[in-house]
Amino acid sequence: MIDNKNKIAAVFGVRNDSSIAFHVALKLHRSGCKVALNYVPETRDEVLFLMESHGMDTAYASDVDVRDEQAIAQFLNKVYSGLGPIDYILHGVAFGSQNVMCYSLPGSDEPAPSYIDIPFEDLMDSFNISAYSLLRICRVAGPLLAKNASVLTLTYNASQRVFPGYGGMSVNKAALENIMLYLASYFRKSGVRVNAVSAGLVMTTSSGGINGVRKLRKIGKVTAPLGNVTAENVADTALYYFSDLSLKVTGNIHFVDGGFNIMGIGIDEE
């Protein structure tokens with residue numbers, strides 16, 4: 001059992017109880033860690049309810065738009081001032097509009113937007129939230145981090161392979177992984193680790209926006225040697241990075257996808 005007693009974590013990206021970020025936060029809490037979550041206005045009530053329901057202290061939970069550096073600074077400084085140096089940061093934030101994700105609304109007769117027509121402004125806003133925010137958070141957090149702190153982000157294999165239903169979000173994930181690599185090098189003098197977990201397709205509210213998500217899950221079931229994964233599976237791996245077990249691991253992209261990433265073709269043995 002990993003013991004995170006007296007450790008401090010800031011978690012970005014909890015939307016509801018299906019969020020991978022929530023399952024990571026819950027694992028941290030149960031390991032003894034003090035956890036502070038961010039929320040946005042539309043998720044505030046849900047996030048606070050989840051925290052209270054699971055015995056988490058809501059005193060440091062804050063409204064933070066990850067596009068706003070000042071809001072990030074206020075949140076992290078509040079955590080630092082009240083609890084102490086921050087040991088762990090989870091970046092679990094991602095957003096893409098309908099035009100970026102290239103999907104049509106359920107019940108709509110409108111064709112799905114085409115990848116070739118993704119509007120620049122929509123893509124840049126999605127990039128700002130989904131990728132650049134990791135750099136922004138780390139810039140603010142740097143002076144507030146504890147010795148041997150660990151930063152973890154969540155990515156997806158569409159950064160490296162073509163998943164047509166993922167659209168422009170694949171660009172963001174590729175950028176996110178590159179930002180993670182450069183941050184891992186940047187923090188070399190301070191001993192801060194920066195890594196990424198590349199999760200298989202987990203059924204969350206966000207993944208519901210992926211065109212053909214249920215078909216992708218079926219493909220994953222027969223393609224991945226170990227089958228589909230759950231948010232809890234991903235959280236278990238995250239806890240490794242949020243512990244002293246990974247003190248010498250940085251710049252790593254850790255696949256938690258049942259082995260989907262190694263396969264060239266699915267094998268249906270049913």
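The values are calculated or read from the model by the stated rules, or taken from the named source; none is laboratory data. Fair warning: this is a prediction, and the values are worked out from it, not measured in the lab. Ideal geometry is used to build each Cβ from the backbone, glycine not excepted, and the neighbour counts take in all protein chains shown. SASA here: full protein model, heavy atoms, side chains in, ligands and nucleic acids out. Shrake-Rupley method; radii C 1.70, N 1.55, O 1.52, S 1.80 Å.
Summary of values
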| quantity | calculated |
| --- | --- |
| In Hz, Karplus ³J(HN,Hα) per residue of segment 109-119 (6.51, -1.76, 1.60; θ = phi - 60°; x = Gly, Pro) | 8, 6, x, 5, x, 8, 4, 5, 9, 4, x |
| Gyration tensor (Cα) of segment 30-186, equivalent ellipsoid semi-axes in angstrom | 31, 20, 13 |
| Accessible area per residue, Å², segment 225-270 with all protein chains present, probe 1.4 Å | 59 Å² |
| Segment 151-207: Cα Rg divided by the 2.2 N^0.38 Å rule of thumb | 1.26 |
| Highest average packing first - 123-131, 87-95, Cβ atoms within 10 Å | 87-95, 123-131 |
| Å² of accessible area per residue within segment 65-161, as computed with a 1.4 Å probe and no ligands counted | 47 Å² |
| Share of carbon and sulfur in the accessible heavy-atom surface of segment 18-105 [1.4 Å probe, %] | 47 percent |
| Relative contact order, percent, the chain [alpha-carbon distance under 8 Å, six or more residues apart] | 19 percent |
| Overall Cα dimensions of the chain - principal axes, largest extent first, Å | 52, 40, 38 |
